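*Asks:* Structure in structure tokens, see below.
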Amino acid sequence: MSYPYQIKNLEGYHEAYQKSIQDPNTFWGEVAEHFTWHKKWDKVSDWNFKDPSIQWFVGGKLNITENCLDRHLATMGDKPAIIWEPNDPAEEHHILTYKQLHLKVCQFAQVLYNNGVKKGDRVCIYMGMIPELAIAVLACARIGAIHSVIFGGFSAQSIADRLDDAKANFIITCDGAFRGSKDIPLKSVIDDALIGNKNIQRVIVCTRTRTAVSMLQGRDVWWEDEIKNVEAQGIQFVPAEVMDAEDPLFILYTSGSTGKPKGVVHTVAGYMVYTNYTFVNTFNYNPDDLFFCTADIGWITGHSYIVYAPLCAGGTSMMFEGIPTFPDAGRFWDIIDKFKVNILYTAPTAIRSLMGFGLGPVKGHDLSSLKVLGTVGEPINEEAWNWYNEQIGKNKCPIVDTWFQTETGGIMISNMAGVTPGKAGWATYPMPGIELILVDDQGVEITTQDGEGMYRGNLCIKQAWPAAIRTTYGDHERCRTNYFATYNNLYFTGDGAFRNEAGQFRITGRVDDVLNVSGHRIGTAEVENAINMHAGVVESAVVGYPHDIKGQGIYAYVIYTGSHAQDSHGSAEMIRKDILQTVTRIIGPIAKPDKIQFVAGLPKTRSGKIMRRILRKVAEGELNSLGDTSTLLDPAVVDEIVKGVV
């Protein structure tokens, strides 16, 4: 299988980019010709950022699973589609060929039909990183059900909120999940999330850890039993539901600047075309390459670059159940050596963590199969980039530093491996079709350079791309106000960036109230709401600060009732632990603050707004550049906070 739209050199990139900006409809129409359609589109795109209303391949009919599976069967049915490596290296790995994966997806699609799932139904998936997770995702897409995968680290309350928002009718889960040395009781968490839920009709439970679980008669069924029923029916093929190009494919929840998570909606055709295009070009993918993305399928990176894009490209995708440090810090290098991985795509957090173990775990592993390295989830610092380049890539593998968001569907800015130049710490060039602009707080384009020769501003996008967010589920106005209302006729990313004279971009991080912790986007308001649920907390404010491993840590300032927070060290520590437990219960362990400082008050303007800018400076240790505090309601509060810094 070859990719006629694959860019081969720097000149080819510039040509493709110019065409994509000047004539996007012709450009994307030509790319889309290389996919399987039941009916071609009437119009390539129809969009405006005012409503917003975004449509691609208008009138087209297709099914994404026919593009991921069926079209490959005749020529590469016996080729590995997914190679799965379990958490415990002593357990046998599994290889699913395209034929085998197709059969399993069809069988589970029939299971969904047998259990009453139909086109348009919302199906929540809360599973560990096992092949059945990919199978469940693809089976939903095959029958036109809208999947909503929830990361296995979320708490029962977070799941309940997402189930309620999506008005989900069905859940697919496991008895439990293995993650490093931990066994996570997934079904038990789902049971807690379902207390008081009136919408869920069926819970399908896959066996993984053999943990004892409660199975409710009439509601809960075992995956394995349901598959046996399908086999008894003799069903080996389920036709793919013919979908409209703009039918929803999935909902994926992401944190926002308010406490309530946003259900980002992506549709079938534009998402398929864009993710496949960016996959093939960013990684300079060859159909024989083994691609290892270490993300969780619960995040957009896993959706796009473990499941949909690699399979759509007829590639082989590596899926890993565990973590990089179990049973030791050489696990990634074991996998690369064992399977002869060609492309490794991981997070800067993982790289920084593994750097901390020194070179011992790397030694003794043959990493010569690697051709391309990639990073995702957050900007990578130069020290980590250099270590990755020298120790893992041996100075011979290009590193693609990719920037994108849940809302963008696929990679938006990145160098292309072996095609466009990389630069340590820089995402570099926009993908074809992505027209970037830097603006000031009033929305005026930045046209003058600073003293370092950089153009600095808020990163926005000028025109629609095929995988753009279509809406936030059940609340289109929230989509408009979050992304399209800040600046006229622009999509606002929420990130700051700077651009050099060569047109390369470097992302500087969030400019809104969303943190990026180990590549996970977490809203400050969401964490504050959870902290404030603790009985003794009056008010809290959360900011980010630089963290050596995570990139960004969470610093919480908490006003606590009574004096015992200020009492003995032991008492304050106990309250801190109670607050951390509260956050874990309400959101999940990923949102736990790294530091909690008890304060008597928070710096507020006379209108009552918390001045997070000052709190951020304190958390970052920049105590000599707090700026003017005279406009605060009580400037003395800042002095108290500075004295009590954690």
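The values are calculated or read from the model by the stated rules, or taken from the named source; none is laboratory data. Bear in mind the structure is a predicted one, so any value in this text is a computation, not a measurement. For neighbour counting, all protein chains shown are included, and Cβ atoms are generated from backbone atoms with ideal geometry for every residue, glycine included.
*Asks:* Could you grab me the full set of residues in region 471-508 that are in a strand (DSSP E or B) and under 13 Å from Cys460 (Cα atoms)?
*Replies:* Quick first cut of region 471-508, residues in a strand (DSSP E or B) only: 471-472, 491-499, 505-508.
If the condition is that a residue be in a strand (DSSP E or B) and under 13 Å from Cys460 (Cα atoms), then Tyr491, Phe492, Thr493, Gly494, Asp495, Gly496, Ala497, Phe498, Arg499, Phe505, Ile507 are the ones that fit.
Condition check ((1) assigned by TED's automatic domain parsing to the domain that holds Val543; (2) free of Cβ contacts under 8 Å to residues at least 40 places away in the same chain; (3) touching a Cys at 6+ places or on another chain (Cβ under 9 Å)) across all residues:
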residue: Gln217; (1), (2), (3): no, yes, no
residue: Trp222; (1), (2), (3): no, yes, yes
residue: Glu226; (1), (2), (3): no, no, no
residue: Ala232; (1), (2), (3): no, yes, no
residue: Phe237; (1), (2), (3): no, no, yes
residue: Glu246; (1), (2), (3): no, no, no
residue: Leu252; (1), (2), (3): no, no, no
residue: Lys262; (1), (2), (3): no, no, yes
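*Asks:* Looking only at helices (runs of 4 or more DSSP H) that lie completely in region 1-114, which have at least 1 residues being touching a Ser or Thr at 6+ places or on another chain (Cβ under 7 Å)? So that I can check it myself, show each step before the final result.
*Replies:* Working: elements: 10-22, 24-32, 64-68, 73-76, 98-114.
Here the list reads 10-22, 24-32, 64-68, 98-114.
*Asks:* For region 327-349, what are the residues that are touching a Lys or Arg at 6+ places or on another chain (Cβ under 8 Å) and modelled with pLDDT of 95 or more? Reasoning before the result, please.
*Replies:* The initial filter retains those residues of region 327-349 that are touching a Lys or Arg at 6+ places or on another chain (Cβ under 8 Å), namely 342-343, 349.
Once the filter is applied, which keeps residues that are touching a Lys or Arg at 6+ places or on another chain (Cβ under 8 Å) and modelled with pLDDT of 95 or more, region 327-349 yields Asn342, Ile343.
*Asks:* What's the number of the only condition in (1) modelled with pLDDT under 95; (2) charged (D, E, K, R); (3) under 27 Å from Thr209 (Cβ atoms) that Asp225 fails to meet?
*Replies:* (1)
*Asks:* If we scan region 370-380, do we find a residue that is at pLDDT 95 or above, more than 23 Å from the chain's Cα centre (by Cα), hydrophobic (A, V, I, L, M, F, W, C) and outside the structural domain of Gly551 (by TED's automatic domain parsing)?
*Replies:* Looking for residues that are at pLDDT 95 or above, more than 23 Å from the chain's Cα centre (by Cα), hydrophobic (A, V, I, L, M, F, W, C) and outside the structural domain of Gly551 (by TED's automatic domain parsing), one finds at least one in region 370-380, hence yes.
*Asks:* I'm checking my understanding of the structure. Among residues of region 67-79 that are surrounded by fewer than 19 Cβ atoms within 10 Å (Cβ to Cβ) and touching a residue at least 12 places away in the same chain (Cβ under 8 Å), which one is nearest to Lys119 (Cα to Cα)? Don't jump to the end; show me each part of the working.
*Replies:* From region 67-79, those surrounded by fewer than 19 Cβ atoms within 10 Å (Cβ to Cβ) are 71, 73-79; that's our starting set.
Then drop every residue that is not touching a residue at least 12 places away in the same chain (Cβ under 8 Å), which leaves 71, 73, 75-79.
Values: Arg71: 22, Leu73: 25, Thr75: 30, Met76: 29, Gly77: 27, Asp78: 30, Lys79: 30 Å.
Restricting to residues being surrounded by fewer than 19 Cβ atoms within 10 Å (Cβ to Cβ) and touching a residue at least 12 places away in the same chain (Cβ under 8 Å), the top hit is Arg71.
*Asks:* Evaluate region 380-399: report whether one residue or more is among the charged types (D, E, K, R), under 24 Å from Phe357 (Cβ atoms) and assigned to a loop (DSSP other than H, G, I, E, B).
*Replies:* Initial filter on region 380-399 (among the charged types (D, E, K, R)): 382-383, 390, 394, 396.
Imposing the further condition that a residue be under 24 Å from Phe357 (Cβ atoms) reduces the set to 382-383, 390, 394, 396.
The next check asks that each one be assigned to a loop (DSSP other than H, G, I, E, B); those that pass are 394, 396.
Among the residues of region 380-399, at least one is among the charged types (D, E, K, R), under 24 Å from Phe357 (Cβ atoms) and assigned to a loop (DSSP other than H, G, I, E, B), which makes the answer yes.
*Asks:* Sticking with this one: Quick check on region 533-553: of everything there that is surrounded by fewer than 18 Cβ atoms within 10 Å (Cβ to Cβ) and closer than 18 Å to Arg576 by Cβ, which residue is modelled with the lowest pLDDT? Steps first, please.
*Replies:* First, the residues of region 533-553 that are surrounded by fewer than 18 Cβ atoms within 10 Å (Cβ to Cβ): 533, 535-536, 538-539, 546-549.
Within this subset, residues satisfying the condition of being closer than 18 Å to Arg576 by Cβ are 533, 535-536, 538-539, 547.
On the way: Met533: 86, Ala535: 82, Gly536: 85, Val538: 85, Glu539: 87, His547: 91.
My answer is Ala535.
*Asks:* Exactly one of these conditions fails for Arg576: (1) under 22 Å from the mean Cα position of the chain (by Cα); (2) farther than 30 Å from Asp440 by Cβ. Give me its number.
*Replies:* Here Arg576 meets the rest and fails (1).
*Asks:* I'm checking my understanding of the structure. Among residues of region 115-128 that are within 17 Å of Ile251 (Cα to Cα) and assigned to a loop (DSSP other than H, G, I, E, B), which one is nearest to the chain's Cα centre (by Cα)? So that I can check it myself, show each step before the final result.
*Replies:* Residues of region 115-128 that are within 17 Å of Ile251 (Cα to Cα), as a first pass: 117-127.
Checking which are assigned to a loop (DSSP other than H, G, I, E, B) leaves us with 117-121, 127.
On the way: Val117: 26, Lys118: 27, Lys119: 25, Gly120: 23, Asp121: 23, Met127: 16 Å.
Among them, the one singled out is Met127.
*Asks:* Next question, about the same structure. Those residues that are assigned to a loop (DSSP other than H, G, I, E, B) and buried (at least 19 other Cβ atoms within 10 Å of the Cβ), I need them from region 415-443; list them, please. Break it down into steps so the answer makes sense when it comes.
*Replies:* So the first thing to find is which residues in region 415-443 are assigned to a loop (DSSP other than H, G, I, E, B), and the list is 415-422, 424-425, 427, 429, 431-435, 440-443.
The answer is Asn415, Met416, Ala417, Val419, Thr420, Gly422, Ala427, Tyr429, Met431, Pro432, Gly433, Ile434.
*Asks:* Sort out for me the strands (runs of 3 or more DSSP E) sitting completely within region 129-206 that have 1 or more residues that are over 28 Å from Ala309 (Cα atoms).
*Replies:* Numbers: elements: 146-149, 170-174, 177-179, 182-184, 202-206.
Strands (runs of 3 or more DSSP E) meeting the threshold: 182-184, 202-206.
*Asks:* Which of the residues belonging to region 167-207 are more than 30 Å from Val265 (Cα to Cα) and touching a residue at least 40 places away in the same chain (Cβ under 8 Å)?
*Replies:* Going through region 167-207, the residues more than 30 Å from Val265 (Cα to Cα) turn out to be 180-183.
Scanning region 167-207 gives Gly180, Ser181.
*Asks:* Could I ask something else about it? For region 165-173, does any single residue satisfy the condition of being crowded, with 18+ Cβ neighbours inside 10 Å, more than 30 Å from Trp56 (Cβ to Cβ) and touching a Phe, Trp or Tyr at 6+ places or on another chain (Cβ under 6 Å)?
*Replies:* Keep residues of region 165-173 that are crowded, with 18+ Cβ neighbours inside 10 Å, which gives 165-166, 168-173.
This time we only want the ones that are more than 30 Å from Trp56 (Cβ to Cβ), so: 171, 173.
Still in the running and touching a Phe, Trp or Tyr at 6+ places or on another chain (Cβ under 6 Å): 173.
Yes, some residue in region 165-173 is crowded, with 18+ Cβ neighbours inside 10 Å, more than 30 Å from Trp56 (Cβ to Cβ) and touching a Phe, Trp or Tyr at 6+ places or on another chain (Cβ under 6 Å).
*Asks:* Could you identify the single residue in Asp161, Asp78 that is of a type in the set (D, E, K, R) and at pLDDT below 95? Walk me through it before giving the result.
*Replies:* Values: Asp78 fails: at pLDDT below 95.
Answer to the check: Asp161.
*Asks:* Among Thr294, Thr282, Thr278, which is outside the structural domain of Gly180 (by TED's automatic domain parsing), more than 17 Å from the chain's Cα centre (by Cα) and in contact (Cβ under 8 Å) with a residue 12 or more places away in the chain? Walk me through how you get there before you give the answer.
*Replies:* Working: Thr294 fails: more than 17 Å from the chain's Cα centre (by Cα); Thr278 fails: more than 17 Å from the chain's Cα centre (by Cα).
Among Thr294, Thr282, Thr278, only Thr282 is outside the structural domain of Gly180 (by TED's automatic domain parsing), more than 17 Å from the chain's Cα centre (by Cα) and in contact (Cβ under 8 Å) with a residue 12 or more places away in the chain.
*Asks:* Determine whether region 274-289 contains at least one residue that is part of a loop (DSSP other than H, G, I, E, B), more than 20 Å from Ile469 (Cα to Cα) and touching a His at 6+ places or on another chain (Cβ under 8 Å).
*Replies:* Residues of region 274-289 part of a loop (DSSP other than H, G, I, E, B): 283-289.
Still in the running and more than 20 Å from Ile469 (Cα to Cα): 283-289.
Subset that is touching a His at 6+ places or on another chain (Cβ under 8 Å): none.
No - not one qualifying residue is present in region 274-289.
*Asks:* A follow-up question, please. Based on what the data block shows, is Ala525 touching a residue at least 60 places away in the same chain (Cβ under 8 Å), touching a helix residue (DSSP H, G or I) at 6+ places or on another chain (Cβ under 9 Å) and either crowded, with 18+ Cβ neighbours inside 10 Å or assigned to a helix (DSSP H, G or I) (or both)? Break it down into steps so the answer makes sense when it comes.
*Replies:* Details: touching a residue at least 60 places away in the same chain (Cβ under 8 Å): yes; touching a helix residue (DSSP H, G or I) at 6+ places or on another chain (Cβ under 9 Å): no; either crowded, with 18+ Cβ neighbours inside 10 Å or assigned to a helix (DSSP H, G or I) (or both): yes.
So Ala525 does not fit the description; no.
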